[in-house]
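Peer 1: Mind having a look at this structure? Questions to follow.
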Amino acid sequence: MGFSSKLIHSGMFEDQFGSATVPIYQTSTFKFNNADHGAACFSGASDGYIYTRLKNPTIDSLEKLIADLENGYRAIAVSSGMGAVNTIYMGLLSQGDHMVSTDAVYGPSRIVMEKQYSKFGIESTYVDTTDPANIIKAIRPNTKMLYIETPANPTMAIADLEQVVKIAREHGLITVSDNTFCSPFLQRPIDYGFDVVFHSVTKFLNGHADIVGGVIITKNKELDDLLRPMMINLGCNMDPHQAYMVIRGLKTLSLRIERAQQNAMKIAGFLENHPKVSWVRYPGLKSHPQYELACRQMAGPGAMISFELKGGIEAGKTLMDNVQLCLLAVSLGGVETLIQHPASMTHSKVDQKSRELAGITNGLVRFSVGIEDVEDIIDDLSQALDKV
Ligand code: LCS
């Protein structure tokens with residue numbers, strides 16, 4: 001099946017009434033046929049359902065669908081993107097291990113590593129992963145994992161997936177990719193040889209800004225066997241209703257991203273030519289430092305744009321305070337256009353020096369382009385820029 005057909009049909013199962021959609025099994029627990037059946041479910045002799053934190057038919061359906069979209073072995077649905085991050089850190093790293101990661105990752109993915117996991121003897125180094133030489137330089141004898149976010153939130157810096165896998169293979173490292181900014185419609189890291197891929201499904205996969213969720217996709221059984229029990233024991237499982245919402249949202253993923261990136265291309269062009277804008281980072285613009293790589297590795301430039309105004313943060317605040325159609329809000333990947341300021345919002349807990357080194361300037365404004373009429377978004381930006 002093609003990607004859009006998978007969105008509609010993968011993971012579907014037939015229930016007794018012929019429902020056209022996946023039923024929501026809103027139950028915490030499942031009745032056993034008898035005591036022996038209960039024991040068999042626990043021993044693994046039967047694959048019957050036991051308890052929703054362990055397994056649930058609605059969640060199974062979503063997991064099958066997403067594993068299929070990412071060309072993975074299996075998927076593990078979790079309560080949030082941060083639930084995915086922590087399941088991966090806890091499941092794959094041990095005391096004394098070291099991780100190399102992208103310097104401009106989503107703030108909390110870095111904060112939890114530097115502030116919490118350091119207490120348990122896990123070390124980390126954050127580098128500009130656009131240059132593979134920086135990754136190689138950061139590798140130590142105890143390095144276990146390469147954790148890449150590409151494009152990175154919010155700088156739109158792009159890492160070369162093929163190069164990252166090559167380096168990891170040479171050094172015997174596990175590769176993890178945060179694919180939230182792309183979704184499998186634009187990029188499938190497992191096809192490049194990545195071991196683990198994850199998403200905040202809160203964003204493009206669900207796409208309607210109405211639930212928080214996450215998912216981890218593994219390349220093989222060995223990794224699934226490490227991560228699934230960790231998720232279950234951490235207790236960061238997805239809820240059946242949440243899973244249903246994601247299945248529903250996913251059906252239009254191709255259509256939503258196609259429209260949003262058409263809009264984004266026009267908006268990025270408008271911003272780049274605006275006299276009050278000092279720079280724009282969008283993978284669809286030739287001015288993006290990794291434009292060639294983006295064309296090679298992504299099926300399209302996506303719907304996220306970062307830019308800075310000539311007046312720096314004060315000008316950025318005036319813009320954010322004056323937009324009317326665009327929502328001043330964090331999160332991204334929904335049908336509505338959002339604008340936010342990473343240095344004071346999503347990345348405010350990352351110290352200023354690390355932010356500067358990662359290119360998250362105080363004047364950077366991040367834009368998540370929605371599927372409204374593009375003329376309305378540009379009119380809104382234009383009237384707000386007039387006030388700057
Ligand atoms: N990874 C990336 C790239 C993200 O952008 C986020 C959330 C997460 C992981 C964590 O996912 P969550 O637990 O929120 O589902 N990013 C946000 C953002 O840029 N604004 O608000 C949340």
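The values are calculated or read from the model by the stated rules, or taken from the named source; none is laboratory data. Because the structure is a prediction, the values reported are computed rather than measured. No Cβ is skipped: glycine too gets one built from the backbone with ideal geometry, and neighbour counts run over all protein chains shown.
Peer 1: Only residues that are more than 15 Å from GLY249 (Cα to Cα), of a type in the set (A, V, I, L, M) and surrounded by 12 or more Cβ atoms within 10 Å (Cβ to Cβ): list them for region 1-39, please.
Peer 2: Across region 1-39, the qualifying residue is only ALA39.
Peer 1: Now, a different point. Picking from GLU314, GLU336, which residue would you name as being free of Cβ contacts under 8 Å to residues at least 60 places away in the same chain, more than 11 Å from the ligand (Cβ to nearest atom) and either assigned to a helix (DSSP H, G or I) or in the same structural domain as ASN263 (by TED's automatic domain parsing) (or both)?
Peer 2: Working: GLU336 fails: free of Cβ contacts under 8 Å to residues at least 60 places away in the same chain.
Result: GLU314 is the single residue among GLU314, GLU336 that is free of Cβ contacts under 8 Å to residues at least 60 places away in the same chain, more than 11 Å from the ligand (Cβ to nearest atom) and either assigned to a helix (DSSP H, G or I) or in the same structural domain as ASN263 (by TED's automatic domain parsing) (or both).
Peer 1: Tally time: how many residues in region 339-359 are in contact (Cβ under 8 Å) with a residue 60 or more places away in the chain and either assigned by TED's automatic domain parsing to the domain that holds PHE204 or within 12 Å of the ligand (Cβ to nearest atom) (or both)? Step through it out loud before you land on a result.
Peer 2: Of all residues in region 339-359, those in contact (Cβ under 8 Å) with a residue 60 or more places away in the chain come to 342, 346-350, 354, 357-359.
Pick out the ones that are also either assigned by TED's automatic domain parsing to the domain that holds PHE204 or within 12 Å of the ligand (Cβ to nearest atom) (or both) and you get 342, 346-348.
Residues meeting the conditions: 4.
Peer 1: Another question, then. Under the condition of being within 17 Å of the chain's Cα centre (by Cα) and away from the ligand (no atom under 11 Å from the Cβ), which residue from region 89-112 is surrounded by the fewest Cβ atoms within 10 Å (Cβ to Cβ)?
Peer 2: Filtering first and then ranking leaves ILE111.
Peer 1: Going by what's in this entry, would ARG188 be described as of a type in the set (Lys, Arg), more than 13 Å from the ligand (Cβ to nearest atom) and within 13 Å of the chain's Cα centre (by Cα)? Reasoning before the result, please.
Peer 2: Values: of a type in the set (Lys, Arg): yes; more than 13 Å from the ligand (Cβ to nearest atom): yes; within 13 Å of the chain's Cα centre (by Cα): yes.
Against the criterion (of a type in the set (Lys, Arg), more than 13 Å from the ligand (Cβ to nearest atom) and within 13 Å of the chain's Cα centre (by Cα)), ARG188 qualifies.
Peer 1: If I filter region 208-228 for residues that are near the ligand (Cβ under 10 Å from one of its atoms), assigned to a loop (DSSP other than H, G, I, E, B) and within 29 Å of VAL165 (Cα to Cα), do I get at least one hit?
Peer 2: Yes, region 208-228 contains a residue that is near the ligand (Cβ under 10 Å from one of its atoms), assigned to a loop (DSSP other than H, G, I, E, B) and within 29 Å of VAL165 (Cα to Cα).
Peer 1: Follow-up question, since we're still on this one. Can you find even one residue in region 75-86 that is under 30 Å from ALA168 (Cα atoms), of a type in the set (S, T, N, Q) and surrounded by fewer than 18 Cβ atoms within 10 Å (Cβ to Cβ)? Steps first, please.
Peer 2: Residues of region 75-86 that are under 30 Å from ALA168 (Cα atoms), as a first pass: 75-86.
Right, trim to of a type in the set (S, T, N, Q) and you get 79-80, 86.
Now narrow it down to the ones that are surrounded by fewer than 18 Cβ atoms within 10 Å (Cβ to Cβ): none.
No; the residues of region 75-86 include none that is under 30 Å from ALA168 (Cα atoms), of a type in the set (S, T, N, Q) and surrounded by fewer than 18 Cβ atoms within 10 Å (Cβ to Cβ).
Peer 1: If I ask for residues that are more than 7 Å from the ligand (Cβ to nearest atom) and either within 9 Å of PHE198 (Cα to Cα) or not small (Gly, Ala, Ser) (or both), which ones from region 76-88 would you list?
Peer 2: ILE76, VAL78, ALA84, ASN86, THR87, ILE88
Peer 1: Looking only at region 1-32, how many residues end up being closer than 18 Å to ASN71 by Cβ and either assigned to a helix (DSSP H, G or I) or touching a His at 6+ places or on another chain (Cβ under 9 Å) (or both)?
Peer 2: 8
Peer 1: How many residues are surrounded by 16 or more Cβ atoms within 10 Å (Cβ to Cβ), of a type in the set (Phe, Trp, Tyr) and part of a helix (DSSP H, G or I) when one looks only at region 113-131?
Peer 2: Residues that pass the stated criteria total 1.
Peer 1: Could you look through region 142-167, keep only residues that are part of a loop (DSSP other than H, G, I, E, B) and of a type outside the set (A, V, I, L, M, F, W, C), and pick out the one that is farthest from the ligand (Cβ to nearest atom)?
Peer 2: ASN142
Peer 1: Just the residues that are under 19 Å from PRO151 (Cα atoms) and either in contact (Cβ under 8 Å) with a residue 24 or more places away in the chain or in contact with a Pro (Cβ under 9 Å, 6 or more places away or on another chain) (or both), please, taken from region 112-141. Spell out how you get there, then give the answer.
Peer 2: Looking only at region 112-141, we keep the residues that are under 19 Å from PRO151 (Cα atoms), and these are 125-135.
Within region 112-141, THR125, TYR126, VAL127, ASP128, THR129, THR130, PRO132, ILE135 qualify.
Peer 1: Can you find a residue that is of a type in the set (Ser, Thr, Tyr), farther than 30 Å from GLN383 by Cα and buried (at least 23 other Cβ atoms within 10 Å of the Cβ) anywhere in region 217-227?
Peer 2: So in region 217-227, the residues of a type in the set (Ser, Thr, Tyr) come out as 218.
Filter again for farther than 30 Å from GLN383 by Cα, leaving 218.
Next, from what is left, pick out any that are buried (at least 23 other Cβ atoms within 10 Å of the Cβ): 218.
Yes, because at least one residue in region 217-227 is of a type in the set (Ser, Thr, Tyr), farther than 30 Å from GLN383 by Cα and buried (at least 23 other Cβ atoms within 10 Å of the Cβ).
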